[in-house]
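Worksheet for the structure shown next.
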Amino acid sequence: MEKKTMQTIHWFPGHMQKARRQMEEQLKLVDIVVELRDARIPQASFNPLLDELSAHKKKLIILNKADLSDEKENRLWKEMFEKEIPCLLVDSISDNLSKKLVNEIKEICKDKIERAKARGIRKKVIRAMIVGIPNVGKSTLINNVVKKKVAKTENRPGVTRSLQWIRLNEDVELLDTPGVLWSKLDDQEAAVKLAVLGSINDDILDKEELASYALDYLKQEYPGVLTKRYEISEEGDLLSAAAKKKLWLTANGEPDLKKAAEAVLKDVRDNRFGRISYEKCPAGE
Ligand code: G4P
């Protein structure tokens, strides 16, 4: 896969304006918006602008990467979203999604199809568009449903290609380029979660803080996983304890916290702790 440009993209106000305008134009063309979120962080991976721009559109929420998140949390989040908006739990890499997505879209747009029929339009083709922040799996999902490689999206606005529609079946068409919104970086907690999971560039962030955040979260919400992975008791300075135990040490035998932080973040991103949700559903508390 082409090397991601996302990691180095900064969303300046000008870029955001452009992305917003672009999305407004594209939304005019579609009947339904398929909003992708990361099932591990359903709130942090959401950009509120989408709700503003798509207020009058039909919507489907897809909690993607559901293979990586906690099954119990998956169920709770899905139930919570479904009180207002249809929601699917999806693994875009392994699931066979084409039929499932088409059926769901047709079901949500049933009234549109009926109305078109009543006006004598025999075959109403429903147009859908995938939208989400960088790295939620938009390209992976499109490739899954289209069954052939479509070009990797540039995770920045203004890189418009001419719009093309991909026919998913006789009733549903999908815009071949997903809409990209920026990540919610003004929300500190969301930014930390996105960085921990590797969905935003962490170069300018303090990796030791990120790793400690992840360790504290795991200790709190998934007791036992750190003991299992690092053979440490889940008390005190966890980063230092893991460094000592795993022999991530400096030349003079001190815990090498920089190296430890890198290793912990890699473990998070490689899912070495099992299926973890980094945001727990408020409904489960
Ligand atoms: P984007 O277009 O929204 O930016 O996301 P993209 O499809 O490029 O997916 C981002 C990463 O997430 C990719 O990993 C992709 O394989 C992975 N991914 C997407 N959907 C799923 C899913 O449902 N389950 C799992 N487990 N992974 C998924 P990558 O190319 O390896 O990139 P990276 O790991 O280097 O970030």
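The values are calculated or read from the model by the stated rules, or taken from the named source; none is laboratory data. Every value quoted in this text rests on a predicted model; they were computed, and no experiment measured them. Reconstructed Cβ throughout: ideal geometry from the backbone, glycine too, with neighbour counts over all protein chains shown. SASA here: full protein model, heavy atoms, side chains in, ligands and nucleic acids out. Shrake-Rupley method; radii C 1.70, N 1.55, O 1.52, S 1.80 Å.
Set Lys and Arg Cβ to +1 and Asp and Glu Cβ to -1, take the dipole of segment 176-228 about its Cα centre, and tell me which of V192, G224, A214 lies farthest positive.
G224
Give me the percent of DSSP beta bridges within the chain that run antiparallel, rounded to the nearest 5. Can you show the working numbers first?
Values: 4 of 23 bridges.
In the chain, approximately 15 percent of DSSP beta bridges are antiparallel ones.
At V146 and R119, where each label point lies 7 Å from the Cα along Cα→Cβ, what is the point-to-point distance in nanometres?
2.9
Taking only C-alpha pairs under 8 Å that are 6+ residues apart, what is the relative contact order of the chain in percent? Each step should come with its number before you reach the end.
Values: 450 pairs, mean separation 63.7, N = 285.
The normalised contact order for the chain reaches 22 percent.
Please figure out what share of the DSSP beta bridges in segment 14-176 is antiparallel and state it in percent, rounded to the nearest 5.
On the way: 3 of 20 bridges.
Looking only at bridges with both residues in segment 14-176, the antiparallel portion is about 15 percent.
Counting only heavy atoms of the protein chains, get the accessible area per residue of the chain (1.4 Å probe) and round it to a whole Å² value. Spell out each step's value before the answer.
Working: 14500 Å² over 285 residues.
Spelled out: the 1.4 Å probe surface of the chain, per residue, equals 51 Å².
Once you list every other residue whose beta carbon is under 15 Å from the beta carbon of Y230, what net charge do they have if Lys and Arg are +1 and Asp and Glu are -1? Working shown, then result.
On the way: positive: K219, K228, R229, K244, K245, K246, K259, K266, R272; negative: D216, E231, E234, E235, D237, D256, E262, D267, D270.
My count for the surroundings of Y230 gives 0.
Students often forget the sequence filter, so: which aspartates and glutamates lie under 16 Å Cα-Cα from K78 once same-chain residues fewer than 8 apart are removed?
E35, D38, D67, D70, D91, E104, E279, E285
Looking only at segment 12-47, which residues have a backbone nitrogen under 18 Å from a spot 7 Å from the Cα of L163 in the C-beta direction?
Residues 18-35 fall inside that zone.
Work out the FRET efficiency for D270 and E25 from their Cβ-Cβ distance, taking R0 = 45 Å, and round it to the nearest 0.05.
0.70
Toward the positive end of the charge dipole of segment 1-140, about the Cα centre and with charges on Cβ (Lys, Arg +1; Asp, Glu -1), which of N47, Q17, I121 goes farthest?
Positive-end residue among those listed: I121.
Let me see the pair-distance distribution of the chain: every alpha carbon pair, 5 Å bin width, integer percents in order.
Over the chain, the share of Cα pairs per 5 Å bin runs 1, 5, 11, 15, 17, 15, 12, 9, 6, 4, 2, 1, 1, 0, 0, 0, 0 percent.
Let's see if you can work this out: charge +1 on each Lys and Arg Cβ, -1 on each Asp and Glu Cβ, no other charges. What is the dipole magnitude of segment 190-285 about its Cα centre, in debye to the nearest 20?
420
Pull out the extension gain between D171 and L49, defined as 0.36 nm times the separation in residues minus the alpha carbon to alpha carbon distance; nm, one decimal. The partial results should precede the final answer.
Values: separation 122, 0.36 × 122 = 43.92 nm, distance 2.87 nm.
That works out to 41.0 nm of additional length.
Obtain the nm distance between the two label points defined at Q188 and K18 by a simple spin-label model: each point lies 7 Å from its Cα along the Cα-to-C-beta direction.
With each label point 7 Å from Cα toward Cβ, the separation is 3.1 nm.
How large is the dipole of the chain about the Cα centre if only Lys and Arg carry +1 and Asp and Glu carry -1, each at its Cβ, rounded to the nearest 20 debye?
Numbers: 52 positive and 47 negative charges, 364 e Å.
Computed about the Cα centre, the dipole is about 1740 debye.
Which whole-number percent is the relative contact order of segment 206-284 (Cα, under 8 Å, 6+ apart)? Could the numbers behind the result be given before it?
Values: 77 pairs, mean separation 23.1, N = 79.
Rounded, it is 29 percent for segment 206-284.
Would you kindly state how much longer the chain becomes between S233 and K100 on full extension, computed as 0.36 nm times their sequence separation minus their alpha carbon distance, in nm to one decimal?
Values: separation 133, 0.36 × 133 = 47.88 nm, distance 4.43 nm.
Length gained, S233 through K100: 43.4 nm.
P(r) tail for segment 1-140, what percent of Cα pairs lie past 23 Å?
Values: 3881 of 9730 pairs.
In whole percent, the share of Cα-Cα pairs in segment 1-140 beyond 23 Å is 40.
For the chain, what % of the accessible area comes from carbon and sulfur atoms, probe 1.4 Å?
Numbers: 7050 of 14500 Å².
In the chain, the share of accessible area belonging to carbon and sulfur is 49 percent.
Once you have all Cα-Cα distances for segment 206-284, histogram them in 5 Å bins from zero and send the whole-percent values.
With a bin width of 5 Å, the distribution comes to 3, 16, 28, 26, 15, 7, 3, 1, 0, 0.
When the chain is fully extended, how far beyond the present Cα-Cα distance does E221 get from E79, taking 0.36 nm per residue of separation?
Values: separation 142, 0.36 × 142 = 51.12 nm, distance 2.05 nm.
Taking 0.36 nm per residue and subtracting the Cα distance, the gain is 49.1 nm.
Using a Cα distance threshold of under 14 Å, what count of lysine pairs results for segment 153-265 when pairs must be 8 or more residues apart or interchain?
Number of lysine pairs found: 12.
With charges set only on the Cβ (+1 for Lys and Arg, -1 for Asp and Glu), what does the dipole of segment 1-141 come to about its Cα centre, in debye to the nearest 20?
840
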